[in-house]
Amino acid sequence: MPAALIWLIAALVLAGAEALTGDMFLLMLGGGALAAAGTSWLTDWPIWADGLVFLIVSVLLLSVVRPTLRRRLLPAKVPPLGIKALEGKNALVLDRVARDEGQVKLDGQVWTARPLNEGDVYEPGQSVTVVRIEGATAVVFQNL
């Protein structure tokens, strides 16, 4: 069996396996195998030279083409929206925050608040961080 045919079969197997993973890694290796099949068919180089062509083309495809394809084909990370966007933000204590009372100013809005730990108390003017939002109440803890 000619070496070009073996490289071509390897390229097809790698491209087919890529359909299962979707990571575009095996597809780049398939491109390297296709390049090696082409050089094997067009030239009378030894098999190690075909392997070198496979290696060089695969590395170039993995380092240059794959990152560009992934940026274009995969969606960008969507920033958190709604109340999820408020988690982790700093807030200013307006009214004493204790177990059953308190208000904080968060992103320009006044929210009712309660401490993460029931025994904690935060006085007006302190800076706190929002851990989560439960209904219309911000659960907060003190910044370190």
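Per the conditions (1) open to solvent by 60 Å² or more (accessible area, probe 1.4 Å); (2) touching a residue at least 40 places away in the same chain (Cβ under 8 Å), the sole criterion not satisfied by Leu92 is (2). So, in the range 17-62, of the ones that are of a type in the set (Gly, Ala, Ser) and open to solvent by 40 Å² or more (accessible area, probe 1.4 Å), which residue ends up farthest from Met1 (Cα to Cα)? Filtering first and then ranking leaves Gly22. With the structure loaded, tell me whether Asp107 is open to solvent by 70 Å² or more (accessible area, probe 1.4 Å), at pLDDT 90 or above and either out of contact with any Lys or Arg (no Cβ under 6 Å at 6 or more places or on another chain) or in the same structural domain as Leu14 (by the TED database) (or both) or whether it fails that test. When the stated conditions are applied, Asp107 does not pass them. Might you check whether a residue that is touching a residue at least 24 places away in the same chain (Cβ under 8 Å) and part of a helix (DSSP H, G or I) occurs anywhere in the range 44-51? Yes; the residues of the range 44-51 include at least one that is touching a residue at least 24 places away in the same chain (Cβ under 8 Å) and part of a helix (DSSP H, G or I).
Thr21: at pLDDT below 90 and of a type in the set (S, T, N, Q), yes or no? Spell out how you get there, then give the answer.
Numbers: at pLDDT below 90: yes; of a type in the set (S, T, N, Q): yes.
Considered against the rule, which asks whether it is at pLDDT below 90 and of a type in the set (S, T, N, Q), Thr21 comes out as yes.
With respect to the stated conditions, Val65 is out of contact with any Lys or Arg (no Cβ under 9 Å at 6 or more places or on another chain), open to solvent by less than 70 Å² (accessible area, probe 1.4 Å) and among the hydrophobic types (A, V, I, L, M, F, W, C).
Among the residues of the range 123-144, the ones that are assigned to a strand (DSSP E or B) and either β-branched (Val, Ile, Thr) or modelled with pLDDT of 90 or more (or both) come to 13 in all.
The values are calculated or read from the model by the stated rules, or taken from the named source; none is laboratory data. Quick caveat, the model's predicted, so the values are computed rather than measured. Reconstructed Cβ throughout: ideal geometry from the backbone, glycine too, with neighbour counts over all protein chains shown. Ligands, DNA and RNA are excluded from the accessible area calculation, which covers all protein heavy atoms including side chains. Shrake-Rupley method; radii C 1.70, N 1.55, O 1.52, S 1.80 Å.
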